[in-house]
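Structure record follows, encoded as structure tokens.
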Amino acid sequence: MHFPRALTGIAVLAVPGLALAFAACGGDDNTSSVTPTIETRAPASPTATTAAATTVTGTATDAASAVAGAQAVTVAISAQDTSFDKQEIDAPAGAHVTVQMTNKDNIIHNIAFYKDSSANEPIAVGDLFKGPNVTKDLSFDAPKQPGTYYFHCDVHPDQMHGTFKVQ
């Protein structure tokens, strides 16, 4: 079969996730050399992507913790009448912590974790939000160094505070 010179010797072989292109140099003689070129491409369909990859949901921190085999801890805490219902939260060192905070008040609260009560060195700071009966999650990795840390509401730090024990 004879093709116009502009198309001579170009062939593309499509394989899911991989495309191979072969280009021949030269004219009409049969002594042309063939050089393969490999180009990676994403699969064409979402189904192929799902089948080929392990699905990890959540944040990058969640994925990193899952890979590292770190423990995961979920803690529920509520804010009402400018106080938390817990004055202590415990977690293993390096654990991935998810704090589910429910604001039962019609005023703004949050929960924030710090290295100490000076609140100068944050570990994780949750969003300020208004209730009543609204829950927001704050996810973070606990410090790798065991010790006693601090948490409070940034709006009401004198009334709403507690200790974060990392073991």
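Within segment 97-156, which trypsin sites (Lys or Arg not before Pro) sit in a loop by DSSP and count at most 13 neighbouring Cβ atoms inside 10 Å? List each step's numbers first, then the result.
On the way: sites: Lys104, Lys115, Lys130, Lys136, Lys144; in loops: Lys104, Lys115, Lys144.
Of the trypsin sites (Lys or Arg not before Pro), the ones in loops of segment 97-156 whose Cβ has at most 13 other Cβ atoms within 10 Å are Lys144.
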Mean Cβ count within 10 Å, highest first, over the residues of peptides 116-126, 154-164: 154-164, 116-126
For segment 60-166, projected area of the alpha-carbon convex hull averaged over all directions, nm²: 6.1
Nitroxide proxy distance, nm - points 7 Å out along Cα→Cβ at Lys104 and Ala76: 1.2
Among the listed pairs Lys86/Lys165; Lys136/Lys165; Lys86/Lys144, those beyond 20 Å (Cα-Cα): Lys136/Lys165; Lys86/Lys144
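Bear in mind these aren't lab numbers, they're just calculated from the coordinates by the rules spelled out. Everything numeric here is computed off the predicted structure, so don't read it as measured data. Counting neighbours? That spans all protein chains shown, and the Cβs are built from the backbone with ideal geometry, glycine included.
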